[in-house]
Every structure is written in structure tokens, then in C-alpha cells.
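Worksheet: the structure to be examined is printed underneath.
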Amino acid sequence: MAACASTFEGPEKKLEIILTDPRPNLRDDSDGRWHRVAAASGAEVISSICSGDLDAYLLSESSLFVWPDRVLMITCGKTVLLRAMPEIVKIVGRNNVAMLFYERRKLMFPSDQPADFEADVEILTPYFPGKSYRLGPANDDHVHLFFSSHRRIETTMDATLQILMSDLSPVMARHFFAGNGSAAQIEKNSAIGSLYSGMRIDSHLFSPGGFSLNGVCDASYYTVHVTPQKEGSYTSFETNVIETDYSPTVAQVVDAFRPGRFSLVLTSSMEPSMNTLHQIISGRIPGYRILEKSYNEFDCGYAVTFFNCVKDGPQDHAA
């Protein structure tokens, strides 16, 4: 995320494209292709790291991940992620797209955005016709989801956990302003820098405030983006690491920011072994009350659990 102004739109737009066949040269950026993708959306590449299976780009507004068989792009602020669609399609090949997911959380400052979700769907549909859904209530925190499935692909174990946090504790948020430490110190002192052992980490602390982190190992990633200012404080956490029980990770991430409320989204392929993950994640969250909760199975072969949580008791206050 970019340096935060008085009102910065932390909630992201998210695009994931899964290919029918892997492209061995998809990760190649010797021609600057992924820099052009970022620029087309209104963002820029700050730095990058890689593992044997994955390249992770830290952007001025969130992150971009590239595997041989898929692309995941997340942008926030006033970026228009879908303006990068022509560049991405040019790289991956339109006929090689098996599945596409596009997601937007409820905005905090919708009047500042150049486009809303419905306008985004109009952009997507000529490329990839699909279906759109809303997870959660219209008048509270919710997530819009669009998916387009063209060819049934053989999915194995595939899951993504997102924790979308609002109204951060001022006590925790103050650590993510320039002048209160460095990106390396945040990694060391915060639980978010040590969530997964063996991950290679790339992070950036923005001025006057804001923090982004990518972690990669083999084909796994996690990413954290923090908008700490009081007006619209927000943090997103996302990972494709599959755990038998996500509860400890959820507790650790939530404790790092102590949000007044958060939404949880678990998306997975529908193998029988994955069903238990949805059942476990829907249990009790210490210190929070679970509000509306839903579970959906989509005809693209993926299932989604969504729920909102609100903090029990008063919010922390800075000294």
C-alpha cells in the first residue's frame, strides 16, 4: 500500500487467474512484463523476491504473485486493477485461462473510487463471462465475488485464507508509522513477521505510515498490508498455506492488530479432505462474537466460508 493520506482505501481489489496448462516462462520478467502489469493498474513495483516456484512483487499498492500456472494480483488505494487485464491476457493467453476469480471488499470511501464492483464486472464480462455474488449483508461488511470458469481443472489441495480487519487498535496501529521503527524492526517485533518458519520475507514501511509484507517458500505465500491511520484503519492478511486447523493462525494475526471487527474468507477446492477446514474455521474466535456466517459451494469446484466478527468489550486506546 502507498503512503497513507488522511483517507486511504485500504480494502483491496483482488484478481486470480488459474491457467489450463502451466507456462514455464510465465515468471520471466526480463522484458519488464510484470512491471507493465503493475503500472497499468496505477501501481508500481517496489521490490521482489522469489522461491523455486513463485515470484512475489511488493507494489506501491499491495502485491503481485506469479507461478507457472497462475497469477494473483492485489491492489488497494485508487488503483484500477482491471486496467491491467489487457496486459495480463496478453501474457497468459486468453484461451489458456481455465478459471478467474475477482474480489472486492466493501469500500470505506466509495466516492473516491473511479469504479465500483458492478462497473468492474462490465469490464470483465467481455473477456470472461461469469457469475457474481455478495458474501455478507448489504448494509454491513461484505465481499463481492465474481468467478468465471471455462474448463474444469483437476484441483488438488488448494485453499486461501483471508482475514480483513477494520478499526485497528491504536496501540497496535502506531507501530506502522514511519519514525516508530523500520520495516525490519516490525518484522522482528511483530507476530506477523514470524507466522511461518522458513519463509523468505520482503517488507516495506511507507511514509508517513503504512506497511506491506510478502513471504514466500516453495509455492506458498502470505501477505500483509496495513493502513494504520485513524480514519479508515485497516489490515488484510492472506495466505495459501494449508493447515489442518487455521485457528492458531487466526488468533495470532488478530492479536497482532486487535481490530474492532473483521471478516474472514476461506476459499478452497472441494476435495473431501478440505471440508473439515471449513467446519473448524467456523468455530469460536476468542475475544470476538461471530455475526452472520455463510458457506457456499460454487459450480467452478470451489467452496467459500465467510463470516463477520465483532470485538467483545471496549477497543484498546493509545496512551
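Readers should treat all values here as calculations from the given coordinates under stated rules, not as data from a laboratory. This one's a predicted model, so the numbers in the text were calculated from it and none came from an experiment. Neighbour counts run over all protein chains shown; Cβ positions are idealised from the backbone, glycine included.
Values as computed for the structure displayed
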item	result
Label-point gap, in nm, between SER111 and ILE290 - each point 7 angstrom along Cα→Cβ	3.7
HN-Hα J in Hz across region 287-292 - Karplus 6.51, -1.76, 1.60, θ = phi - 60°, x for Gly and Pro	x, 9, 9, 7, 8, 4
PHE8, PHE177, PHE117 arranged by Cβ crowding within 10 Å, fewest neighbours leading	PHE177, PHE117, PHE8
Given charges at beta-carbon only (K, R positive; D, E negative), |dipole| of region 42-106 in Debye	400
Residue order, fewest to most beta carbons within 10 Å, for TYR196, TYR246, TYR221	TYR196, TYR246, TYR221
GLU12 long-range amide H proximity, modeled H, under 5 Å	ARG105
By average C-beta atoms within 10 angstrom, highest first, the peptides 41-50, 75-84	75-84, 41-50
Evaluated over the chain, the Cα radius of gyration and Dmax, each in Å	18.3, 57
Dipole of the chain, positive end: most advanced residue of LEU81, LEU168, PHE237 [Cβ charges, Cα centre]	LEU168
Kirkwood hydrodynamic radius of region 51-123, Cα pairs, Å	13.8
Rounded Å value of the spacing that divides the Cα centres of region 238-287 and region 41-63	25
Sequence of LEU266, LEU19, LEU107 once ranked by neighbouring C-beta atoms within 10 Å, starting from the fewest	LEU107, LEU19, LEU266
Gain upon complete extension [MET270, ASP21; 0.36 nm per residue less C-alpha separation]	87.6 nm
Listed residue pairs exceeding 27 Å between alpha carbons, taken from LYS131/LYS230; LYS78/LYS293; LYS14/LYS131; LYS13/LYS188	LYS131/LYS230; LYS78/LYS293; LYS13/LYS188
Of GLY136, GLN185, GLY260, farthest towards positive along the dipole that unit charges on Lys, Arg, Asp, Glu beta carbons give the chain	GLY260
Potential extension, ASN139-ARG36 segment - 0.36 nm per residue separation minus Cα distance	33.4 nm
Residue-wise HN-Hα coupling along region 97-108, computed from phi with Karplus coefficients 6.51, -1.76, 1.60 (Hz; x: Gly, Pro)	8, 8, 8, 9, 10, 10, 9, 9, 7, 3, 7, 8
Built amide H within the under 5 Å cut-off of ARG23, gap 5+	ASP69
Charged-residue dipole, Cβ positions (Lys, Arg, Asp, Glu), region 13-311 about Cα centre, Debye nearest 20	540
Rounded, prolate or oblate (a/c below 1.5 giving rounded, otherwise prolate when a/b exceeds b/c) for region 192-280 by Cα gyration tensor	oblate
In Hz, Karplus ³J(HN,Hα) per residue of region 9-23 (6.51, -1.76, 1.60; θ = phi - 60°; x = Gly, Pro)	7, x, x, 9, 9, 9, 10, 10, 10, 10, 8, 5, 10, x, 10
The chain, helix-only ellipticity at 222 nm - DSSP H runs n ≥ 4, -39,500 (n - 2.57), divided by all residues, nearest 500	-5000 deg cm²/dmol
